[in-house]
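Here's the structure, in structure tokens; my notes come after.
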Number of protein chains: 2
Amino acid sequence: MAAPETRDTIITAADRLFYERGFEHTSFADVAGIVGISRGNFYYHFKTKDQILDAVIERRLADRRAMLDQWTSEGLTPKQRIASFIRILLVNEAKIRAHGCPIGTLFSELSKLDHSGEDGARRLFDLFRIWLRQQFHKIGRRHDADDLAMHILARSQGVATLANAYPDEAFLENEVSLMLAWLDAIRATDDT
Amino acid sequence: MAAPETRDTIITAADRLFYERGFEHTSFADVAGIVGISRGNFYYHFKTKDQILDAVIERRLADRRAMLDQWTSEGLTPKQRIASFIRILLVNEAKIRAHGCPIGTLFSELSKLDHSGEDGARRLFDLFRIWLRQQFHKIGRRHDADDLAMHILARSQGVATLANAYPDEAFLENEVSLMLAWLDAIRATDDT
DNA sequence: GTCTATACCTGGATAGAC
DNA sequence: GTCTATCCAGGTATAGAC
């Protein structure tokens with residue numbers, strides 16, 4: 001039963017390196033070095049680099065899904081749940097300043113590679129988009145729930161990008177406050 | 001006098017490919033193929049790949065600077081100038097849907113490579129940030145001009161990222177409308 | 001399941017002829 | 001200024017021993 005453990009360790013290491021250095025810039029040697037196995041052994045667990053990417057995306061999907069599920073089952077109101085989403089920027093502040101958003105930067109990279117994994121990365125956006133849409137729907141914003149979801153997703157992405165470009169400034173905290181204020185001002189009435 | 005032309009053509013081709021495929025994923029052979037020269041000839045014009053990157057960044061800086069200078073000298077009000085900035089998203093809509101923001105995606109990539117060019121890419125953000133700050137300052141927002149500049153920069157970045165992820169949706173136009181409405185509501189009074 | 005050794009290719013970079 | 005030929009490093013992937 002040692003194999004699954006190694007496989008898991010590889011995914012964890014690859015997940016980290018893909019985030020910190022990017023997918024293409026990360027080599028098998030890099031991952032193998034961290035895991036402490038030989039490059040040859042790698043191919044016992046993953047046939048190609050794309051397979052590791054797929055596994056990393058699945059891992060990220062599972063992680064995020066678990067997080068959203070927890071918020072959903074915690075007895076929070078929909079608004080409080082959306083606030084939790086916004087506060088991800090604060091919880092992961094140090095990493096975002098250093099490497100940007102793990103979802104946004106991965107998508108951006110794969111998009112340029114015209115890589116098939118682009119679809120996988122988009123599923124990460126979809127996960128949040130659909131979940132956010134549901135929350136806005138519950139608030140009563142039935143007609144523009146998706147627009148609001150996309151709006152808050154975009155704001156988060158932009159904040160992550162600029163926080164990465166200007167990591168030593170108070171910008172990130174300021175913007176989170178603005179987003180929470182925006183959320184607070186949301187009323188249970190549709191635009192139309 | 002043929003040399004400068006070739007050099008210029010190389011920069012133009014590299015600029016396009018770095019945007020469409022990313023810096024690292026673009027090879028000398030790719031650029032040479034478009035320009036129509038041999039790989040060897042390349043090194044007469046640029047000693048290293050980093051030198052091409054520097055030239056591309058300088059080119060982008062000059063292009064954007066010229067655009068901002070034009071708006072500044074066109075007799076527009078500061079608000080109208082900021083609106084012009086926001087409408088970049090519409091002017092370049094097709095490209096943004098296909099490849100994201102040329103500045104944001106370049107920065108994101110170089111950031112992960114811990115590349116020295118990261119500083120160059122940040123200068124592109126700085127160019128817009130300082131210019132936007134000046135416009136908000138002229139409106140009368142002396143105390144939070146920089147915050148407002150960063151806010152609109154971040155919004156633009158986020159919109160570009162998500163428009164790239166969901167290119168076939170009306171999202172981009174919706175968000176531009178929201179940003180213009182936000183701008184319209186700005187009053188000449190400081191927060192403090 | 002893990003190792004070493006190695007094949008093979010791509011891509012950056014150099015040398016030197018024209 | 002442009003070319004061809006070539007070197008070399010790094011990276012994916014395979015073969016086969018242990």
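For segment B:56-81, the set of residues classified as assigned to a helix (DSSP H, G or I), more than 15 Å from the chain's Cα centre (by Cα) and not charged (D, E, K, R) consists of B:Gln70, B:Trp71, B:Thr72, B:Pro78, B:Gln80, listed by residue number. In segment A:101-117, the residues that are in the same structural domain as A:Asn164 (by TED's automatic domain parsing) reach residues that are at pLDDT below 95 and crowded, with 22+ Cβ neighbours inside 10 Å with C-beta atoms within less than 6 angstrom, at least six apart or across chains, in these pairs: A:Leu106/A:Ala121; A:Phe107/A:Ala121; A:Leu110/A:Ala121. A residue that is closer than 25 Å to B:Thr105 by Cα, modelled with pLDDT of 95 or more, away from every other protein chain (no Cβ under 14 Å) and away from DNA strand D (no atom under 16 Å from the Cβ) occurs somewhere in segment A:63-78. For the condition out of contact with any Leu (no Cβ under 9 Å at 6 or more places or on another chain) and on the phi > 0 side of the Ramachandran plot, A:Asp114 qualifies. Among the residues of segment B:114-134, those identified as out of contact with any Pro (no Cβ under 9 Å at 6 or more places or on another chain) and under 22 Å from B:Ile82 (Cα atoms) are B:Ala121, B:Arg122, B:Arg123, B:Phe125, B:Asp126, B:Leu127, B:Phe128, B:Arg129, B:Ile130, B:Trp131, B:Leu132, B:Arg133.
Would it be correct to say that A:Arg97 is more than 8 Å from chain B (Cβ to nearest Cβ), part of a loop (DSSP other than H, G, I, E, B) and touching a residue at least 24 places away in the same chain (Cβ under 8 Å)? Here the answer is no, as A:Arg97 does not meet what is asked.
Does A:Ala2 fit the bill of being within 16 Å of DNA strand C (Cβ to nearest atom), modelled with pLDDT of 95 or more and either outside the structural domain of A:His115 (by TED's automatic domain parsing) or hydroxyl-bearing (Ser, Thr, Tyr) (or both)? No: the conditions fail for A:Ala2. All conditions in (1) within 14 Å of chain A (Cβ to nearest Cβ); (2) touching a His at 6+ places or on another chain (Cβ under 9 Å); (3) within 11 Å of DNA strand C (Cβ to nearest atom) hold for B:Thr26, with the sole exception of (2).
Considered as a group, the residues in segment A:117-172 that are within 13 Å of the chain's Cα centre (by Cα) and aliphatic (A, V, I, L, M) include one that is nearest to the other protein chains (Cβ to nearest Cβ), and that residue is A:Ala154.
The C-beta contact set for segment A:30-53 (first residue within 14 Å of chain B (Cβ to nearest Cβ), second residue more than 7 Å from DNA strand C (Cβ to nearest atom) and among the small types (Gly, Ala, Ser), distance under 6 angstrom, 6+ apart or interchain) is empty. No other residue among A:Leu132, A:Leu180 is outside any loop (DSSP other than H, G, I, E, B) and surrounded by fewer than 21 Cβ atoms within 10 Å (Cβ to Cβ) apart from A:Leu180.
Just so you know, in segment B:13-29 the residues that are touching a residue at least 40 places away in the same chain (Cβ under 8 Å) and away from DNA strand D (no atom under 13 Å from the Cβ) include one that is nearest to B:Gly117 (Cα to Cα), and it is B:Phe23.
The values are calculated or read from the model by the stated rules, or taken from the named source; none is laboratory data. These numbers were taken from a predicted model, which means no experiment stands behind them. Every residue, glycine as well, gets a Cβ built from its backbone with ideal geometry; the counts of neighbours run over all protein chains shown.
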